[in-house]
Structures are given as structure tokens and as C-alpha cells.
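K.L.:
This is the structure, below, for whatever I ask next.
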Amino acid sequence: MDKSNGLRVILFPLSIQGCINPMIQLAKILHSRGFSITVIHTRFNAPKASNHPLFTFLQIQDGLSETETRTQDVTLLLTLLNRSCESPFRHCLTKLLQSADSDTGEKKEKISCLIDDSGWIFTQPIAQSLNLPRLVLTTYNVSFFRNHFVLPQLRRDEMYLHIQDSEQDDLVQDFPPLRKKDLRRILDQETEVLDSYSAMILETTKASSGLIFVSCEELDQDSLSQTREDFQIPIFTIGPSHSYFPGSSSSLFTVDDTCMPWLDKQEDKSVIYVSFGSIATIGETEFMEIAWGLRNSNQPFLWVVRLSSVEQDTEWIEKIPKKFIEMLHEKGKIVNWSPQQQVLKHRAIGGFLTHNGWNSTVESVCEGVPMICLPFQWDQLSNARFVSDVWMVGVHLEGLIERDEIEGAIRRLLSETEGEAIRERMKLLKEKVGRSLKPKGSSHRSLQHLVDFISSF
Ligand code: UDP
């Protein structure tokens, strides 16, 4: 940490892995620039305070029952959390501000601002009533963040619900780079309930003091310019936040490190890494198709199978014949949770079969690992299109979880000339993003602006 600057920042991550990681990374960055850090968090998915002895952690009640904490339904989870955390959060923040005001000691600190996730929709009025500036961190890519506010209107228009086969691959003009079939998948899902939630996100973000993206100009300049026009608040693109302090210390799962010595034994760029993040679930049929696709490709693979990543009725996984699992282990390794950032850095990794969560996508770009895109829902469909259609650094499975498709995609990526071109483009993209994080680079400058901005309150 630089010398303390006498300012404290309060952070409040949304309680899911993909939102906790960037928020804790931001905490580390700000701490290194002299800020003291307080993290308010829910009891559910609480980050491990012991991993961050220099931060203060304050837990609030979230009102979730044991059954509710096990739900796979993220929309329901976010609704419940937003409903029950408002009052405990208000109480916690008020107390923090009061004790900062009444502190007369030598180490008196000023609370500079609150930084919380765009998914918390009750925090803006609370911060405002307490005269505390609030900045919003979003873990979406810039384009998806800006465009997803148009979804309620598109749903009302119904035009994308009934599309001809011949139009499936057409670009959605209102929501690039999505194709019509992607948009139909987004609208098909039970996302109607999210319409009013999105409207609240829009309103509370516009009323905030600033918006932070874990992205950089180099990845999506057009959407960034449009977002600046739409929002008229300061916008910061600090770049892939994990790059500043490599290695994740905010994992909610127990990391299985045994994959690292296993990777050491594999040839350069030969291993397919497979992970669908912390939320996506697959059923028995999909599991078997992926397993056969990997096995038939004859490439070594490292596959993250979280216990909760198989659909709730998990009995079937125990019924998979031992022989089949043994056969998988001849070529591959299965772990519950990996040290993903380290894995992607490993010289043996040749490709990443991913659900294209934003964190996974940028982590892959930063390590120059080409992707096989298998998005499941929501912003993942947009991230995947950036990978396959805009940056052209991966192949897209187009939703087909079939063994031949998976085997074919692995071959295209690792053994064919198409793969060579993809790897070449990925190398250039990695360099471009890497440059943005260096002094004078766009993310580096934006981060400095953020630090200056927060210091000015
Ligand atoms: N991750 C990890 N180990 C794993 C799988 C994922 O550390 O075995 C991390 C990954 O590095 C990323 C986060 O979990 O930072 C997942 O975030 P992402 O946005 O990709 O997906 P989500 O979990 O939100 O769907």
C-alpha cells in the first residue's frame, strides 16, 4: 500500500462469485493507492475475510433461508437479496458514517464514497440520503450493459420472438453483436421478471456519481462512446481487474490445485480447459455429450465439474459407470474448482471451452487462450458473439451440446488452419489489452482518473 491517504472506500459486492471477484480486485487496487477499505457483504456467499487481513469486513443479514441459498435461480436470488438487504444495509452504512463523523482520534478518516454492484437497486437512494457519493461497478461488457435496457421494449414489440429460419443469423440492429437467434434465447428465457429490475438498474445508475467497467476501450470502443452519451456521468474502464493482482483470493469454492502438476506433464498448447463458471448447470445428457466430445477429440482436457453444476437431481452422476469415468481420466482430469487464472496462464493450455461469463472471457483474452463458446444465458450470449464474431478469437458451438460438434470444434481450434488464424488474432488482442494496462495505456489512465475522482469527494 502507498502511504494512507486518509480516505476510506466502502465496497458492497453482489453475492455471486462473478461479481465478488472483480469487486475484491478493485478493493486491492484502491488499497494499493492508499485508500482504506471496508467491504460490506451478505452472510450468503461471504468472502473469506482471512484472505484479506488489511480490509475491514462487515456482514449484514440477508434473510435467506437454507433452501433459498441453494437455489440455482439467479433471478430469484437477486430479487430476494434486494428485498431483504435494504434495511440491514441502511443500518450498517448509517452507523459507519456516524462513527467516522464522531471519530476525533489521530487516525481520523473520511469516508469518500460507496462503490457497489449495478445489481443492487436499493443502494442509490440510501447513499443519496446520507450524502455519500455512490459509484456503480458492472460486471457486464459495455455493449450488453448499455443494450440490455432495450430488452423490455423488444419483448413488447414481439418481433424477435417469431423469426424465420433464414433470419436466425442476422445481426440485431438494436443490440449488436447479438444475432436474432441469440436475442430470441434471451427473450425466451423467463426474463420478463427482469424487466422491472433492469429499469431500476438504469434509473439508479443514471443517478449515481460514476460507472466502472471491468473492460477497456480496446475491447468495445463504439459501445463505450454511446454509453457515455446515454448516461452523462463519468465512466471508467479500468481494464481486466484481475491483471493488477494476479491470482484470485476471493474464491467461494475450495480450489483443487492438483491440476497444476498434472498440467506440467502435458505438452504445450495441447490441453482443452473446460469450465462453465460458478452458476451454469448442465444435465445428464449434456454431461455425457461433453464427456464423449472431449474423449473423442483425443486431446488432454481439464474439466471443472462443480457438484452444483449438475442439475439438482444429482443422483445420475453417481450412476455413471466407474469404467466410463476411468476412461475419461486416461486423457483428462476432472476437478471441482480450479485456480482458473493460473490454469489459463499455463503453457499447456491450448483452448478454453467456456460459458463466456465476462470474467472468464477477459481472463482468457489476457492469457491469449482461444475459446470454444458455449454460452448458456443472458450476457454470456453477447460475450460469446464478441469472441466469435467481433474479435474472431474463438469458435462458437451455436448452442449445440453434441459430441461430434464438440470434437469438431476442438479439432478446428487445435489442428486446422482456421485455428492458426484464430490464435494469431488472439495474440494481437492479448497484446492490445496488455498495452492498455501499461502506463499511458487507456485502462491505466482511466484507473488514475478513478483514483483522482474518488479522492476529490
Ligand atoms: N473460476 C475459478 N475456478 C473455476 C471456475 C471459475 O476460479 O474452476 C473463476 C473464474 O476465474 C472467474 C469466476 O470464477 O473469475 C467466474 O466468473 P464468470 O464471470 O466467468 O462466470 P459466472 O460464474 O459469473 O457465471
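The values are calculated or read from the model by the stated rules, or taken from the named source; none is laboratory data. In this text, all values refer to a predicted model and were calculated from it rather than measured experimentally. Ideal geometry is used to build each Cβ from the backbone, glycine not excepted, and the neighbour counts take in all protein chains shown. In case anyone asks, the SASA skips ligands and DNA or RNA and just uses the protein heavy atoms, side chains included. Shrake-Rupley method; radii C 1.70, N 1.55, O 1.52, S 1.80 Å.
K.L.:
How high is the relative contact order of the range 199-347, in percent, counting Cα pairs under 8 Å that sit 6 or more residues apart?
P.N.:
Worked out over the range 199-347, it gives 25 percent.
K.L.:
Rounded to the nearest 500, what is the 222 nm mean residue ellipticity of the chain from helices alone, with -39500 (n - 2.57) per DSSP H run of 4+ residues and division by all residues?
P.N.:
Roughly -13500 deg cm²/dmol at 222 nm, from the helical runs in the chain.
K.L.:
How high is the relative contact order of the chain? Use alpha-carbon pairs under 8 Å, at least six apart in sequence, and give a whole percent.
P.N.:
15 percent.
K.L.:
If you don't mind, another one. Once you've got the Cα coordinates, tell me which of Lys48/Lys345; Lys108/Lys206; Lys180/Lys206 are over 30 Å apart.
P.N.:
Beyond 30 Å between Cα atoms: Lys108/Lys206.
K.L.:
Another question, then. Taking the Cα centre of each part, how many Å lie between the range 225-259 and the range 81-123?
P.N.:
Computed from Cα coordinates, the inter-centre distance equals 22 Å.
K.L.:
Find me the longest stretch of the chain that has none of the exposed trypsin sites (Lys or Arg not before Pro), where exposed means in a DSSP loop (not H, G, I, E or B) with at most 12 other Cβ atoms within 10 Å.
P.N.:
After excluding every exposed loop site, the longest remaining stretch is 266-439.
K.L.:
What lysines could a cross-link reach from Lys331, if we take a straight Cα to Cα line under 16 Å and drop same-chain neighbours fewer than 8 places away?
P.N.:
Lys265, Lys269, Lys322, Lys323
K.L.:
Under a cut-off of 14 Å between alpha-carbon atoms, report the aspartates and glutamates in cross-link reach of Lys438, not counting same-chain residues fewer than 8 places apart.
P.N.:
Of all the aspartates and glutamates, those that pass the test against Lys438 - Cα under 14 Å, at least 8 places apart if same chain - are Glu217, Glu218.
K.L.:
Also: Rounded to whole Å, give me the distance from the Cα center of the range 48-70 to that of the range 376-450.
P.N.:
With the range 48-70 and the range 376-450 each reduced to a Cα centre, they are spaced 33 Å.
K.L.:
Rounded to the nearest 0.05, what FRET efficiency do Asp268 and Phe324 have when you use their Cβ-Cβ distance and R0 = 25 Å?
P.N.:
That pair, Asp268 with Phe324, gives E of 0.30.
K.L.:
Provide the per residue accessible area, probe 1.4 Å, for the chain, rounded to a whole number of square angstrom.
P.N.:
43
K.L.:
If you don't mind, another one. Once the piece of chain linking Ser102 and Gln232 is laid out straight, how much longer is it, given 0.36 nm per residue of separation minus the C-alpha distance between them?
P.N.:
So the extension gain works out to 43.3 nm.
K.L.:
Now for a separate question. Over the chain, what percent of the accessible surface lies on carbon and sulfur atoms, probe 1.4 Å?
P.N.:
Carbon and sulfur: 49 percent of the exposed surface of the chain.
K.L.:
Calculate the dipole size of the chain relative to its Cα centre from +1 charges on Lys and Arg beta carbons and -1 charges on Asp and Glu beta carbons; express the result in debye to the nearest 20.
P.N.:
Its charge dipole is roughly 1820 debye.
K.L.:
At a Cα cut-off below 22 Å, give the lysines reachable from Lys110, other chains included and same-chain residues fewer than 8 away excluded.
P.N.:
Qualifying lysines at Cα under 22 Å: Lys3, Lys28, Lys95.
K.L.:
Using Cα pairs closer than 8 Å and at least 6 residues apart in sequence, work out the relative contact order for the range 45-198, in percent.
P.N.:
14 percent.
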